[in-house]
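The structure appears below as structure tokens.
Every number here is computed from the coordinates shown, using simple stated rules; none is lab data. In this text, all values refer to a predicted model and were calculated from it rather than measured experimentally. Reconstructed Cβ throughout: ideal geometry from the backbone, glycine too, with neighbour counts over all protein chains shown.
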Amino acid sequence: MAQNTPSLRVFASPGRYVQGRGAMERLGSLVGGVGSRPLVLTDDVVRGLVGATLERSFAEVGVPLIFERFGGVPTRTESERVGEVIRSQDHDVIVGLGGGAAIDAAKAAGANAGVPWVSAATVASTDAPTSALSVVYTEKGAFESYRFYDRNPALVVVDTQLVAQAPTRFLAAGVGDALATWIEARALRGTDATNMVEGRPTRAGTALARLSWDILWESALPALDAVDHDLVTPDVEAVVEATTLLSGLGFESGGLAAAHAVHDGLTAVDETHHLAHGEKVNIGSLTQLLLEGAPTSEVEEFAEFTARAGLPTTLTEAGLGKADDALLDRVVAAATAPEETIHNLPFTPSHRDVRDALRAVEGVGRRVRRRAGLGEPRAPKG
Ligand SMILES: [Zn+2]
């Protein structure tokens, strides 16, 4: 992390956060408060899902609705292309509509074109929507780098009815991403490590990470049951706030550590590409707990809870059940690269320490699954 003035504490947040059932019906007036010529970046699937709602919502307030088709992966090329569309058509705000990938691409395109950006989330699979950073991926979907901006989204809108209608696996991935936030933020407490906005963590950032964690332990499992049946319950509302707003503020201002670094490492090998961001992060959380030497009861409780949430807790499920040391070394090399957040840990694990912790996830995950009656872990097909 950049360390310009490490003694300063920094907290960042989006200008406004709006969440609830049917929130997309209000997107026109909300976006109209940010700009008068928005460009909406989304893929065909999401457009098919909410296009008619947005037509109505934008027409009601007289804001033009212009879509741009998102290429699917937030690469450097894609954000440059969309930035050029914004410039050439004189748009004054870009809306990333969909999941983390479209939202990340919209942030980058907005920054390229010098206009504000809005996150309009239809799923709660990551905590990307609120933050002032995006992940740049290669064409093949591997982590390339973090890109930092000098501001957060002007507006974040999350429609919980759409979240409930999306596949349950998406919300489960959001739970995995958000649980990591506290595991990582607490590792930075009392250290000089920097958060994701180039400052030391504030009490607020760290406390929100903890609040997210507490909500998830209370409400994640009933929320996932509800979403299985497309229902929006108070548990769903609480979990969406935890995975999107609280985890977003918590990771950005509280700081990241090993869980996300291991995630980034996992993206470096094709074997894990079937997993969503939050699913890979869950392997990272377990790795960090083992690396820290967390109490066995805590590690096992975490493994069981996340397995019950449908998250991967073994290398087998991550496609790495048969991985040799050379393959895991590639993961670890990427996870321990100089710019990685693993260096925010209050100790310095060796390459071998990280590889052993990652390897040890398999045994813990299997033992806990067996004990909880969850069966043997399954390797991905193909
Ligand atoms: Zn994440």
Task: Computed lengthening from Asp192 to Arg37, 0.36 nm per intervening residue step minus Cα-Cα distance - done: 51.5 nm
TODO: Find which of Val239, His229, Leu208 sits farthest along the positive direction of the dipole of the range 110-248, computed with +1 on the beta-carbon of Lys and Arg, -1 on that of Asp and Glu, about the Cα centre.
DONE: Leu208
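Using every Cα-Cα pair within the chain, state what percent have a distance larger than 33 Å.
Details: 18780 of 72771 pairs.
More than 33 Å apart: 26 percent of the Cα pairs in the chain.
Just check the range 241-354 against the gyration tensor rule for me: Cα atoms, a ≥ b ≥ c as the square roots of the eigenvalues, rounded for a/c under 1.5, and otherwise prolate or oblate depending on whether a/b exceeds b/c.
Details: a/c = 1.33, a/b = 1.12, b/c = 1.18.
Note, shape of the range 241-354 comes out rounded.
So, with +1 on the Cβ of K and R and -1 on the Cβ of D and E, and no other charges, what is the size of the charge dipole of the chain about its Cα centre, to the nearest 20 debye? Numbers along the way, then the final one.
Details: 35 positive and 49 negative charges, 37 e Å.
Computed about the Cα centre, the dipole is about 180 debye.
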Open item on the list: Connecting C-alpha atoms closer than 10 Å in a GNM of the chain, tell me which of Thr77, Thr122, Thr287 has the biggest fluctuation.
Closed with: Thr77
Task: Estimated distance in nm for a label pair at Ala326 and Asp92, the labels positioned 7 Å out from Cα along Cα-to-Cβ - done: 5.8
TODO: For an R0 of 45 angstrom, estimate the FRET efficiency from the Cβ-Cβ distance between Leu374 and Glu60 and round to the nearest 0.05.
DONE: 0.40
- [ ] Counting other Cβ atoms within 10 Å, keep those with at most 11, restrict to DSSP loop, and tell me which GluC sites (Glu not before Pro) in the range 324-382 are left.
- [x] Glu339
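Can you give the net charge of the other residues whose Cβ lies under 13 Å from the Cβ of Ala128, counting K and R as +1 and D and E as -1?
Numbers: positive: Lys107, Arg147; negative: Asp104, Asp127, Asp177, Glu252.
Net charge in that neighbourhood comes out at -2.
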Open item on the list: Under the rule a/c < 1.5 gives rounded, and otherwise a/b versus b/c splits prolate from oblate, where does the range 168-371 land using the Cα gyration tensor?
Closed with: oblate
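Using only alpha carbon pairs under 8 Å that are at least six residues apart, calculate the relative contact order of the chain and give it in whole percent. Could the numbers behind the result be given before it?
Values: 865 pairs, mean separation 64.3, N = 382.
That works out to 17 percent.
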TODO: Take the alpha-carbon centre of the range 115-159, take the same for the range 30-51, and report the distance between them in whole Å.
DONE: 15
TODO: Enter the angle in degrees (range 0 to 90, nearest 10) between the Cα long axis of helix 168-188 and the first principal axis of the Cα atoms of the chain, meaning the one along which they spread out most.
DONE: 70
- [ ] Obtain the nm distance between the two label points defined at Ala360 and Asp225 by a simple spin-label model: each point lies 7 Å from its Cα along the Cα-to-C-beta direction.
- [x] 3.4
Open item on the list: Which residue, Val61, Val158, Val175, has the largest displacement toward the positive end of the dipole of the chain when charges sit on each Cβ (Lys, Arg +1; Asp, Glu -1)?
Closed with: Val175
- [ ] Give the longest segment of the chain that steers clear of trypsin sites (Lys or Arg not before Pro) in DSSP loops with at most 12 neighbouring Cβ atoms within 10 Å, not counting the sites themselves.
- [x] 141-321
